[in-house]
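Presented below is the structure to which this report refers.
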Amino acid sequence: MPAIAVHGLEKRYGSVQALRGVDLAVEEGELVGLLGPNGAGKSTLVKIAVGLVKATRGRAEVAGARAGSSAAREQLGYLAELFRFPGWYTADEVLTLHQRLARSDGGAAERKRLLELVALADASDRRVDGMSKGMQQRLGVAQALIGSPPVLILDEPTSALDPAGRRIVRVLLEDLRAKGVSVLLNSHLLSEIELVCDRVAILVGGEVVAAGSPAELSQPRGVELETDEGTHIVEGATREDAARLVADAVAAGRQVYGVRVLSSTLEETYLEAVGGQVS
């Protein structure tokens, strides 16, 4: 049973078709990244999955339960893109409130552990309005983990973070995946998606236009050989051709200093898929 599954998902806002028959699954212990330009339907898909918006057609499920149902919410941790915490609350009070909302009995030990996970151990008594945006973002990630949910939906969790903060969240996500937690990650940071995600789905105009692992979505661009004659690229060559190309160069009397298999990056694949649309 997939942790998250959407089948034939459609959503219409008046004359605007936000989703057009989307099929997507996140398996147990899998981290799936959601990419697409503004207006592609990513946020609509996320809101349907957490039960904040009703689909026009199709269905969405969390751990086999209808999205938005009590059974689905019990399995789910969620970080909204534009979340806000009361400015007068301390970090500890924010987590205490969300423990009550999630009916978690983890108490002070859980709050302490989560603040340590997001590098806020020394900020438990700091008020939200005295935190940087990055600190608030990491606090948001911590609240999504209350109750140790087996399924996470994170909407732009690293948007306000500096490189060090993004690394903290990335390592945390990798640790959660190793523990079997399933994650749907909506982000515009392609480098983060490429580093941490098992699979990627690219949405354009409410449709999935490309899906697969980052490696599967990359396209071969040839093999680069560095010899005593200089560096040149053998167009159309693949990884399987590399050894032969080196052997041919050596047989021809060339000194080979390096060989590199070239492929497109996720960014290049993404830009090709979205047709240059600006996010």
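The values are calculated or read from the model by the stated rules, or taken from the named source; none is laboratory data. Predicted, not measured: the structure shown is a model, and the values here were computed from it. Glycine gets a Cβ as well: all are built from the backbone with ideal geometry, and neighbour counts include every protein chain shown.
Taking residues in region 213-230 that are crowded, with 17+ Cβ neighbours inside 10 Å, and partners anywhere that are assigned to a strand (DSSP E or B) and of a type in the set (S, T, N, Q), the pairs with Cβ atoms closer than 6 Å and at least 6 places apart or on different chains are Ser218/Ser263; Arg221/Ser263.
Please work out if Tyr257 is of a type in the set (Phe, Trp, Tyr), outside the structural domain of Ala18 (by TED's automatic domain parsing) and surrounded by 15 or more Cβ atoms within 10 Å (Cβ to Cβ). Considered against the rule, which asks whether it is of a type in the set (Phe, Trp, Tyr), outside the structural domain of Ala18 (by TED's automatic domain parsing) and surrounded by 15 or more Cβ atoms within 10 Å (Cβ to Cβ), Tyr257 comes out as no.
Here is a check on your reading of the model: is Leu95 farther than 25 Å from Glu28 by Cβ and surrounded by 19 or more Cβ atoms within 10 Å (Cβ to Cβ)?
Working: farther than 25 Å from Glu28 by Cβ: yes; surrounded by 19 or more Cβ atoms within 10 Å (Cβ to Cβ): yes.
Spelling it out, Leu95 is indeed farther than 25 Å from Glu28 by Cβ and surrounded by 19 or more Cβ atoms within 10 Å (Cβ to Cβ).
Looking at Leu161, Leu173, Leu154, which is the one that is surrounded by 22 or more Cβ atoms within 10 Å (Cβ to Cβ), aliphatic (A, V, I, L, M) and farther than 25 Å from Glu28 by Cα?
Numbers: Leu173 fails: farther than 25 Å from Glu28 by Cα; Leu154 fails: farther than 25 Å from Glu28 by Cα.
Residue meeting the stated conditions: Leu161.
Would you check if Gln136 is among the polar types (S, T, N, Q) and surrounded by fewer than 22 Cβ atoms within 10 Å (Cβ to Cβ)?
Details: among the polar types (S, T, N, Q): yes; surrounded by fewer than 22 Cβ atoms within 10 Å (Cβ to Cβ): yes.
Yes; evaluated as a whole, the condition is true for this residue.
Considering region 232-254, and only residues there that are touching a residue at least 24 places away in the same chain (Cβ under 8 Å) and more than 26 Å from Glu216 (Cβ to Cβ), the residue that is surrounded by the most Cβ atoms within 10 Å (Cβ to Cβ) turns out to be Ala249. Checking every residue in region 192-200 against the condition of being assigned to a strand (DSSP E or B) and either modelled with pLDDT under 85 or on the phi > 0 side of the Ramachandran plot (or both) gives zero matches.
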